[in-house]
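The values are calculated or read from the model by the stated rules, or taken from the named source; none is laboratory data. Every value quoted in this text rests on a predicted model; they were computed, and no experiment measured them. Heads up, the Cβs are rebuilt from the backbone with ideal geometry, glycines too, and the neighbour counts pull from every protein chain shown. Just so you know, the surface numbers come from the protein's heavy atoms only, side chains and all, with ligands and any DNA or RNA stripped out. Shrake-Rupley method; radii C 1.70, N 1.55, O 1.52, S 1.80 Å.
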Amino acid sequence: MNLADRLKNDPFLKRLSDLLGEREAYVVGGYPRDLFLGKRSPDIDIVVLEDVRKFVEPIRELGPVDFRFSEFMTAKFLFPDGRVLDLARARRERYPRPAVLPEVEPAESIEEDLWRRDFSINAMAISLKRTNFGELIDPTGGLEDLQRGRIRVLKEGSFRDDPTRAYRAIRYSLRFNFSYDSLTECEFDLARKYVRLLSFPRIENELRRGSAEERRAEFFHEAEARGLFPWEHRKPALKELKDLDGLLAERKEEDWILFFALFLPEGPGVLEFVHSLPLEKPEKKALLDFLGLRDEEIEMDPGEFHLKHGKSAEEALLVLAAFRPALRDFILDYLERKKKATPQISARELIEMGFTGRKIGEILKKIKILRLQGKIRTKEEERSFVQSQLDERSGR
Ligand code: ATP
């Protein structure tokens, strides 16, 4: 099958092909898959059969804003429109043990490189070589699976070699509304068994990618149901995960930690668990803030709540709203009020009115609480409140 006609809509690839001339190069993975699905893949994975360094000069003629070599015989180019081109040498992989990174060596053919991939729908290549530009290479039957709506691994033991593929399978099945073939379905049992051998950062990376998906609540739910949370954890209902999704303004990878919070185990040991995780500071804070609120008795007064929990990360409050639906309206209202609760009177005005030192901060804090409670709404009301404090001090 030749796809040259379909590639016309993407002049970038045609130009790349012209620059590469008679060199053997293929666009693989997500790009061909998305082309058949009628979508334009933002990123381009190119596989070549020689040293990638030989390809750097022609690709640089396309005007990347940045380029660097990375691990496993690969190079990355970033283009002004945000497109990323990954250049890699065809390779074969050997997994010495389950769930470890593979030993890699150059492959002799594009077919060999395609057979080492995760699923048939991701194992198609399109030739960029000038003489057969657009030719589809599909040794594993990826196009048929794509047409049938099927996620299919390419060999038995695929999820033992690399259990991250199980998270990937869920992502694709939800994104495209595809089902798993029977072998892939069995592979999930292997993933369940070997996932605990993955390092936390590798699992985090998969949860991040899941968090960028449209159906991310379902992604987290299915990942848990298939045993891909290899720590002691609670099992949030799908509704809880969907509620959290609805509370977050936009979909982004960073939100993974908020979904993760809903899986934190109940009972003793949870703090130790959170402290043991290799996380960035703000991520750890979001989890700890949420834990600080999770089982607390909450007084539904925005002023009181602010005094106790005003320093909690806003994200932690959103997780709480999903976790305890009875608090949802109160929390959303508190967050709205908080936006408008900054005192309008300045410290300078307070000094002019006779306040000094610590007292200034105290007054401003009181004003904030009163604004949160709706007892002060305007600057005028702030002034009369300050005046009343002065009167109180002078015993008037
Ligand atoms: P997405 O749209 O999710 O980004 P993608 O296909 O571009 O999909 P990448 O993670 O960028 O996904 O990977 C590029 C290609 O590399 C995949 O299409 C697949 O062929 C291969 N691949 C990625 N991860 C694995 C893995 N864990 N095991 C085997 N092959 C993989």
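A quick yes/no check of all residues on (1) at positive phi; (2) of a type in the set (A, V, I, L, M, F, W, C); (3) at pLDDT 95 or above:
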{"residue": "R68", "(1), (2), (3)": "no, no, no"}
{"residue": "E71", "(1), (2), (3)": "no, no, no"}
{"residue": "F79", "(1), (2), (3)": "no, yes, no"}
{"residue": "S109", "(1), (2), (3)": "no, no, yes"}
{"residue": "D113", "(1), (2), (3)": "no, no, yes"}
{"residue": "R117", "(1), (2), (3)": "no, no, yes"}
{"residue": "S120", "(1), (2), (3)": "no, no, yes"}
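Looking at region 166-183 only, could you name the residues that are charged (D, E, K, R) and touching a strand residue (DSSP E or B) at 6+ places or on another chain (Cβ under 7 Å)?
Here is the first cut: in region 166-183, the ones charged (D, E, K, R) are 168, 171, 175, 181.
Result: D181, single match.
Scanning region 207-230 for residues that are in a helix (DSSP H, G or I) and either under 8 Å from the mean Cα position of the chain (by Cα) or surrounded by fewer than 17 Cβ atoms within 10 Å (Cβ to Cβ) (or both), which turns out nearest to the ligand (Cβ to nearest atom)?
The initial filter retains those residues of region 207-230 that are in a helix (DSSP H, G or I), namely 207-211, 216-225.
From what is left, the residues that are either under 8 Å from the mean Cα position of the chain (by Cα) or surrounded by fewer than 17 Cβ atoms within 10 Å (Cβ to Cβ) (or both) are 207-211, 225.
Working: L207: 14, R208: 12, R209: 7, G210: 10, S211: 13, A225: 21 Å.
Ranking the qualifying residues of region 207-230, first place goes to R209.
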* May I ask you to say which residue of R130, R148, R116, R89 is within 13 Å of the ligand (Cβ to nearest atom) and either open to solvent by 10 Å² or more (accessible area, probe 1.4 Å) or within 30 Å of R192 (Cβ to Cβ) (or both)? => R116
* Asked: Could you count how many residues in region 94-113 are buried (at least 17 other Cβ atoms within 10 Å of the Cβ) and outside any loop (DSSP other than H, G, I, E, B)?
  -> 2
* Structure fact -> Residues of region 1-60 being surrounded by fewer than 13 Cβ atoms within 10 Å (Cβ to Cβ) and within 15 Å of D138 (Cα to Cα), in sequence order, are M1
